[in-house]
Amino acid sequence: MALVVRRPQLKWWEKIYLPVIAKGLVITMRHFIRTLTGRTKVTMQYPEEKWNDQLPEHYRGAPALVTDEQDRERCVACQLCEFICPPRAITIIPEEIPSEDKWAKVEKRPLAFNIDMIRCIYCGLCEEVCPEQAIFLRKDYAITGESRAEMVHDKARLYEVGGRRVGLVNKWNDLK
Amino acid sequence: MDFIALAISAVKIVGLVFLVIMPMVAYAVWAERRVSALIQDRVGPNRVGFQGLLQPVADGLKFILKEDFTPKNVRTGYYWLAPALTMVPALLTCAVLPFGSQLFGEPMVIANLNAGPLFIFAIASLSVYGIVLAGWASNSKYPFLGGVRSTSQMISYEISLGLSIIPVLMILGDLNLGRMVQDQSVNGWLMLPLWGDRFSLKGLLLLVPVVISFVVFTVSMFAETNRLPFDLPECETELVAGYHTEYSSMKFALFFLGEYAAMIIGSGLAVTLFFGGWSLPFGWLSWDGKADIPWWQGLIHMATFFGKVVVFILFFIWVRWSLPRFRFDQLMRLGWVFFFEIAVINIILTAGIMMLVK
Amino acid sequence: MADDLVNVQIDGTWHQFPKGTRMIEACRQAGVEVPHYCYHPKLSSPGNCRMCLVEMGMPPRPKPGEELARDEDGRLPIQWMPRPVIACANTVSENLGIRTESALTKSCREGVMELLLINHPLDCPICDQAGECRLQEFSVEHGTGGSRFREDKVKKPKNVDIGPRVRLDDERCIMCSRCIRFTAEVADDPVLGFTERGSHTTLAVHPGRRLENNYSLNTVDICPVGALTSTDFRFQMRVWFLKETESICTGCGRGCNTEVSSREGSILRQTPRENNEVNSTWMCDQGRLDFHYVNSEARLTQPLLKGSEGHRAVSWEIAVKTLADKLAGFESSKIAIIASARLTNEDLYLVRRLAQQLGVKELDVIARFGEDDGYLVAADRNPNSRGAVLVLGLDSDPGSRISGIRRDIESGKIAALLAIGEDLTSPEGGFSPALLSQLEFLGQIHHTANATADAAVVVLPGATSFEKSGSMVNVTGRLQRLAPVVPLPGEAREDWLILRDLLQALDGGNGAGSSDEVFTLLAHEVSAFEGRTLASISPLGEVLIETGETVPLLEREKGRIAKGEIVG
Amino acid sequence: MSLSVPADIEKEIDERITHYPVSRRSAVLPVLHILQRHFRFLSEDAVSWTAAKLGLEPIQVLEVVTFYPGFRQEAPGKVHIRVCRTLSCAMAGSYELLDNLCQAVGIDASHMGHHHPFAVSEDGRFSIEFVECLASCGSAPVCLVEDELHERVSPETAPDLLARYS
């Protein structure tokens, strides 16, 4: 059924538009003056001024891998984050931990762990899905690089950014 | 014409175009960005130089250094010609604009023609070719639509533009822009008839058609220069970037320059016709064009002219960020159904006043 | 027996089943899934996991002289038994009732799940079974979600090397004993057993013995949890990333039905697919692991042409044109073509057309024989010998002309040779590089670099059996379909496509546009294939010719079904 | 096979096997008993020997060996002591009894557990283990020294008990 949209009937002074145009001009002029005199201030001057102090507790910045109290890499290469990642930014190649390694009982770790930060959308699903509490979204938001390759964070870079995180559930070592 | 006159002409051309118009274009862009930002509670470009004053230089550098990319399927010759066709007419029109009174005995106008407004309209109407050619030569849907719109829009509004200044010519009884300004300098501006001959019943009565004339002229000028609220040839929401979608680098910059140059010239013409050009109000330091005036007075006149132009440009910008874009049918309706009629009636009104009131 | 149907009520609906059907199978046929771990239709049912407990009811025993009232459908009332029974080892009888969704059944499953999970480690993130683990699935479906167990978990051996291809993790084991029964009943190599029965029950091999028979990886397939994992597939890829393609194994003439798992163009594992006419649900390790060559570095990826400075890559057009021109330049009696019984029927059909076009009489395939292991591995190690005989129309046994061709090359009677899909210098081929160098011209179509290719003037990169579609005929005369699993590397092409282009270059005619079309042409020309199309071949294959061969493993399985030991 | 079974033992085993005509696998238990009686424990070789004897896989014999606590897989001392730790005995002080016995003969019982059910003294003369109910709850605590049952063994006087066996 066709829906008839009733147009408002304009009076003659409305039809010549000039009063409303004048009104509009006054509004914009008011904004102009208020901003010019500094009474309105919205913009933050990045990078001199930053949000860092005001970032919310659960701000979602760059994802990174963490190690635990005993410097064990928490990631066991279960690839759930790779699976859940909506833009498919994560690539993991798993490997078996050699038997002579201190953490051989964990059996598995990532040989390569790459996050393509050009693809990453900072959704935080990787952190949410991780069964080992190994990946966390940090508060870093200024991720830049001079090449595409540089924007792919490899394992070393991810651990460098993530650092050590204490106080998490320890499933694999005797700290419990 | 002897060599010296030629040299003086060249100096005037170079001086006006490259030392005045071009920097003005550049800073009009800067002003546009800053003013629009302030209107929208933002900051605008403020990084390059003090308050971002070097931003236009940076922009220019960027345009020069960018890859001059020509798409594969364009009609190359026309494609290259179009930006020049937009830029050149805009600059040509400034030949007849009196941007000052007199400096060291030399009239401050490049070509003191006796048919100033006609020259301007003749040349300005060429700029439509730039846009149409750009739209057509790009061989792409959006530019084509932009070009088509532009053609109808500019042709339509040229009529009301031309008709709207006829009352002015009738009142001033002259076609030489220099003398028109001198007249206003002595006898009162058309929009401010508060001294000299115009401070009379007839002058004040004539203010009615002059104001109508000014409104029609200004609105038509917006349409002619493709400025918001009439920027339909390039409206982003519908046509990506309209006729210059396929242009990049310096060719795009030429379109940009053309638009702003047209805006400056339009402002200059409005100032010349309605606000007494280089003259100061209330007959201060007025000049009737007969005796030579000292150089400092000439400088003051020049500054006055450009000051008025700057105010006009700011008005252009202000309007742009206040009003929404018209729909195309509304635009055509406004041009043909209202402004055309109003302009014609206005001519009759002016003639009536001039005939009846002595 | 089939007429001997009994009425059974499952979750309130009445069904009919042959007498003697296991309750779990009856439920499955009625579309009701009964969760289970230890039960496997191809193995005996010890009933030790208790997961398939269901509530059962029977008509009450009437008092003497009492007649039980029947309802309007003539059914007797069902008296539900207070205790559940296992569905895997009990059979249906007349007027039996089964409840799989009752409160009792549900609490049974919850209890069993809780007990199974008491000592199970929480290492799903590491475990290769995750994603196809029955324990995970049933835990979600039937478990409680939490554990009440507060004591220390029992520690058991982890990462135990029990065989060359199988790794054991005892903590994950739920003692279903499927692997023990498989090794004892099917593979006849009972090396696995439970030691320390009780709360420490441990799956183990005796010191010094290993699970190393050629069927050991089947234990990995049937293990419902991650206790037994494949060393080859271990930590390669999580199963949820895998793309499964149904195909057949080309390791020998058996043509075991397979499911090939790949991700992003690389094959990661191959598992058997149930086909009770070919391989039951089993497969040999050898065939199963025979896919690594697909990802090999030695794969040919570009057409090669031999010049004065060795081989150089050329375009397909030039390579095919050169090959056609060279072959056309010889008298037909001086040319021999050696195809392969590893090619599909479609490839072989085009080989036949090529031989006809060139007028070549010397056409054969290379035979490959080994020992029949009495299970699945057939003596004929070529996957398509039957097809080669049918399609090429060979009048003698495949491979019988090869020695003649060798002699003719030596004597100079044959000057040009085209090898398709075979490395002639392999032990089965028996051509020495020196012999090949006596030829005026040698061309080869093959997927991997080899000594024959070194000697060949034109080398065209073909496809492996994991990269092409087509059909093959196994030793029992069954026509089965091959599916492309991964894309071809580089510029390599499917063999039928290469042969088609070669034929076109020779006779200028229009070729077929797909392997389906080639099959249709083949069906017109070879009577055994008449009336069939490639697409119409069922996923389980269909009998093409009777060869009288039987599958030893299947025969034994039939015997056990007849004895009622297994369901089958 | 490195296990050398004396001819008389083998003869006894052969005879015992004939008691199980249906399945030789059923003879595993009696054969193991005979072997343990002779060798005092069942080594890996004994398991393999039994399997070969009965035509079984070694794992099938190992399953039986590991199931019964009565079978030992390691060599015990010359005198093997079994202390009951089931309820009545435990309440009557069998843990104390075990400690005292260990102290008396110099046994370090700290590593006793599931995988090492008994501990042997350093000189190898004694070995001790906890066992479940010896069916003499009324006279708790009880212990079995070799095959002799000792009832009401007071933890204090227990070391004297062993004097007879030294």
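Just a few scattered comments:
- Close amide H contacts of C:Ile248 (hydrogens built in the peptide plane, cut-off under 5 Å, sequence separation of 5 or more or a different chain): C:Thr258, C:Ala483.
- To the nearest ten degrees, helix A:18-36 and the longest principal axis of the Cα atoms of chain A are 50 degrees apart.
- Entry comment: accessible area of chain D is 52 Å² per residue, from protein heavy atoms only and a probe of 1.4 Å.
- Applying 1/(1 + (r/R0)^6) with r as the Cβ-Cβ distance of C:Ala379 and D:Ile9 and R0 = 60 angstrom yields a FRET efficiency of 0.80.
- For chain D, modelled as a GNM whose springs connect Cα atoms under 10 angstrom apart, the maximal fluctuation among D:His80, D:His150, D:His111 occurs at D:His111.
- Full-extension gain in nm, C:Gln286 to C:Glu410, via 0.36 nm per residue minus C-alpha separation: 41.0 nm
- Shape call, the range C:121-175: gyration tensor on alpha carbons, a/c limit 1.5: oblate
- On chain C, 49 percent of the accessible area sits on carbon and sulfur atoms, based on a 1.4 Å probe.
- The helix-only estimate of mean residue ellipticity at 222 nm for chain B, built from DSSP H runs of length n ≥ 4 each weighted as -39500 (n - 2.57), is -20500 deg cm²/dmol after division by the residue total.
- Global form of the protein assembly as shown, assessed from the alpha-carbon gyration tensor, a/c cut-off 1.5: prolate
- Accessible area (Å², 1.4 Å probe, nearest 10) - C:Arg560: 40 Å²
- Residue among A:Thr40, A:Thr67, A:Thr91 with the largest mean-square fluctuation in a Gaussian network model of chain A, springs linking Cα atoms under 10 Å: A:Thr40
- The slack between B:Val357 and B:Gln330, meaning 0.36 nm per residue of separation minus the straight C-alpha distance, is 6.0 nm.
- A simple spin-label model places the labels of B:Trp80 and C:Glu317 3.4 nm from each other, with each point 7 Å out along Cα-to-Cβ.
- Shown for chain D: cysteine residues without a partner Cβ closer than 4.7 Å, namely D:Cys102, D:Cys133, D:Cys137, D:Cys143.
- In chain C, the DSSP-assigned H stretches of four residues or longer account for a calculated mean residue ellipticity at 222 nm of -7000 deg cm²/dmol, using -39500 (n - 2.57) per stretch and the full residue count as denominator.
- Point-to-point label distance, C:Ser199-A:Arg30, nm (Cα→Cβ direction, 7 Å offset): 8.0 nm
- Where A meets C: accessible area buried, both sides, 1.4 Å probe, Å²: 1400 Å²
- Fluctuation leader among B:Asn226, B:Asn73, B:Asn187 - chain B, Gaussian network, Cα springs under 10 angstrom: B:Asn73
- For C:Glu151 and B:Phe338, the FRET efficiency from 1/(1 + (r/R0)^6), where r spans their Cβ atoms and R0 equals 60 Å, is about 0.05.
- Nearest-10 value in Å² for the accessible area of B:Thr225, using the 1.4 Å probe: 10 Å²
- Mean-position separation - Cα centroids, the range C:278-293 and the range C:240-274, in angstrom: 9 Å
- Accessible area expressed per residue, chain C, with surrounding protein chains retained (probe 1.4 Å, Å²): 41 Å²
- Cut-off 15 Å (backbone N to label point 7 Å along Cα→Cβ of C:Lys558), residues of the range C:262-278: C:276-278
- Neighbourhood net charge (15 Å Cβ-Cβ; Lys/Arg +1, Asp/Glu -1) for B:Gly178: -2
- For chain B, the longest principal axis of the Cα atoms and the long axis of helix B:22-39 meet at an angle of about 80 degrees.
- Each semi-axis of the equivalent ellipsoid for chain D is √(5λ) with λ an eigenvalue of the Cα gyration tensor; in descending order they amount to 33, 17, 14 Å.
- For the range D:7-67, the square roots of the Cα gyration tensor eigenvalues, ordered a ≥ b ≥ c, give a/c of at least 1.5 with a/b no greater than b/c, which places it in the oblate category.
- Backbone N within the range B:284-321 under 11 Å of label point (7 Å from B:Gln40 Cα along the Cβ vector): B:321
- Helix-derived mean residue ellipticity, 222 nm - over chain A, DSSP H n ≥ 4, -39500 (n - 2.57), to 500: -6500 deg cm²/dmol
- Pairwise label distance in nanometres, C:Ser400 with C:Arg75, each label 7 Å out on the Cα-Cβ vector: 6.5 nm
- Using a probe of 1.4 angstrom and keeping all protein chains present, the accessible surface of the range B:65-356 works out to 41 square angstrom per residue.
- Other residues with beta-carbon under 15 Å from the beta-carbon of B:Ala5 carry, at +1 per Lys or Arg and -1 per Asp or Glu, a net charge of -1.
- For A:Lys11, the accessible area of its heavy atoms, probed at 1.4 Å with every protein chain present, is near 110 square angstrom.
- The H on the amide N of C:Gly226, modeled in the peptide plane, is under 5 Å from the matching H of no residue at least 5 residues off or on a different chain.
- Those residues of the range C:153-200 for which accessible area with every protein chain present is at least 40 Å² below the isolated value (1.4 Å probe): C:Pro190, C:Thr195, C:Glu196, C:Arg197, C:His200
- Buried on complex formation within the range B:15-54 (loss of at least 40 square angstrom of accessible surface versus the isolated chain, 1.4 Å probe, ligands and nucleic acids ignored): B:Leu38, B:Ile39, B:Asp41, B:Val43, B:Arg47.
- The alpha carbon centroids of the range B:71-137 and the range D:1-67 are separated by 114 Å.
- Only protein atoms count toward the accessible area here, which uses a 1.4 Å probe; on chain B, the carbon and sulfur part of that area reaches 73 percent.
- Residues in the range A:33-79 that, when all protein chains are in place, have 40 Å² or more less accessible area than the chain alone would give (probe 1.4 Å): A:Thr35, A:Thr43, A:Gln45, A:Cys78, A:Gln79
- Excluding ligands, DNA and RNA and using a 1.4 Å probe, chains C and D jointly bury around 1300 Å² of accessible surface, summed across both partners.
- Neighbour-limited loop hits for chymotrypsin sites (Phe, Trp or Tyr not before Pro), the range A:1-65 (at most 13 other Cβ within 10 Å; DSSP other than H, G, I, E, B): A:Tyr17, A:Trp51
- Other residues within the sphere of radius under 10 Å centred on the Cβ of B:Asn139, judged by their own Cβ, net out at +2 (K and R +1, D and E -1).
- Solvent-accessible area buried by A and B, counting both chains, probe 1.4 angstrom, square angstrom: 1400 Å²
- The C-alpha atoms of chain D define a longest principal axis, and helix D:7-17 lies at about 80 degrees to it.
The values are calculated or read from the model by the stated rules, or taken from the named source; none is laboratory data. Being a predicted model, the structure only gives us computed values, none of them experimental. With ideal geometry, Cβ positions are generated from the backbone for all residues, glycine too; neighbour counts draw on all protein chains shown. The protein model used for the area step is the full one, side chains on, heavy atoms only, and it has no ligands, DNA or RNA in it. Shrake-Rupley method; radii C 1.70, N 1.55, O 1.52, S 1.80 Å.
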